[in-house]
Amino acid sequence: MNKTTWPLAIFAGLVMLFVVGLMLNPKHVPSPLIGKPAPVIQAQDFLSQQPFDSKQLNQAWLLNAWASWCSGCYLEHEHLINLAKTQPGLVMVGLNYKDQAEAAQQWLAQQGNPYTTVVFDPDGRIGMDWGLIGTPETFLIDAQGRVVDKWMGALTPERIEQSLIPALQKLNSQARL
């Protein structure tokens, strides 16, 4: 290559990277936790003040990070309530992330509470262990305590039906074997 083709080759390479980047799904950010043990959560349930230890969960469960100030959380909340109603026995842990206690309590009182347990994380330390980027984020954990999947952004009915529920069913059928 001569001096004039190098800049053209570099430009073509950058254009290709840009095109590939445009085809990626911005809602799918792989978590380094997938396939690894989930960070342990040992805290008090925010509402009942009962102790909660995620190591005691011996079934598939969800961790949903949310906050009262989060518009995406507002959008997905009714879908989480429907999920809790249609999936009896599903353990759904709500991680109230970097929120004010009164605002979180008021949110749940007004919007409804789909969670089995709510953990309050005002300083974001638990969220940091989980590698949270923002809210809402939802993690699926198997019965052995490994992170199976992660969804960023608001869960929609389509994401729940096409991705989350089939993943839950697969984990539950594997647990029965």
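The table that follows gives values for the structure above.
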item	result
Test: residue in the range 156-169 that is among the hydroxyl-bearing types (Ser, Thr, Tyr), closer than 17 Å to Ala60 by Cα and in a helix (DSSP H, G or I)	yes
Residues satisfying the stated conditions in the range 127-148, i.e. under 20 Å from Gly72 (Cα atoms) and crowded, with 19+ Cβ neighbours inside 10 Å	Gly127, Trp130, Leu132, Thr135, Pro136, Glu137, Thr138, Phe139, Leu140
Residue within the range 15-37 that is at pLDDT 95 or above and either crowded, with 17+ Cβ neighbours inside 10 Å or under 18 Å from Gly134 (Cα atoms) (or both) present	no
Filtered residues of the range 151-165 (kept if among the basic types (Lys, Arg) and crowded, with 19+ Cβ neighbours inside 10 Å)	none
Qualifying residue in the range 136-147 (condition: under 10 Å from the mean Cα position of the chain (by Cα), in a loop (DSSP other than H, G, I, E, B), of a type in the set (A, V, I, L, M) and at pLDDT 95 or above)	no
Test for Pro88: is it crowded, with 17+ Cβ neighbours inside 10 Å and part of a loop (DSSP other than H, G, I, E, B)	no
Residue check, Phe120 in contact (Cβ under 8 Å) with a residue 40 or more places away in the chain, of a type in the set (Phe, Trp, Tyr) and within 14 Å of Pro39 (Cα to Cα)	no
Residue count for the range 106-126, restricted to those that are basic (Lys, Arg) and buried (at least 22 other Cβ atoms within 10 Å of the Cβ)	0
Filter result (surrounded by fewer than 22 Cβ atoms within 10 Å (Cβ to Cβ), under 15 Å from the mean Cα position of the chain (by Cα) and among the aromatic types (Phe, Trp, Tyr)) within the range 38-83	Tyr74
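Matching residues to (1) of a type in the set (Phe, Trp, Tyr); (2) in contact (Cβ under 8 Å) with a residue 12 or more places away in the chain; (3) part of a loop (DSSP other than H, G, I, E, B):
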{"site": "Pro32", "(1), (2), (3)": "no, yes, yes"}
{"site": "Val40", "(1), (2), (3)": "no, yes, yes"}
{"site": "Phe52", "(1), (2), (3)": "yes, yes, no"}
{"site": "Ala65", "(1), (2), (3)": "no, yes, no"}
{"site": "Glu76", "(1), (2), (3)": "no, yes, no"}
{"site": "Ala84", "(1), (2), (3)": "no, yes, no"}
{"site": "Ala104", "(1), (2), (3)": "no, yes, no"}
{"site": "Trp107", "(1), (2), (3)": "yes, yes, no"}
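The values are calculated or read from the model by the stated rules, or taken from the named source; none is laboratory data. Note that the structure is predicted; figures quoted are calculated from it, not measured. Positions of Cβ are generated from backbone atoms using ideal geometry, with glycine treated the same way; all protein chains shown enter the neighbour counts.
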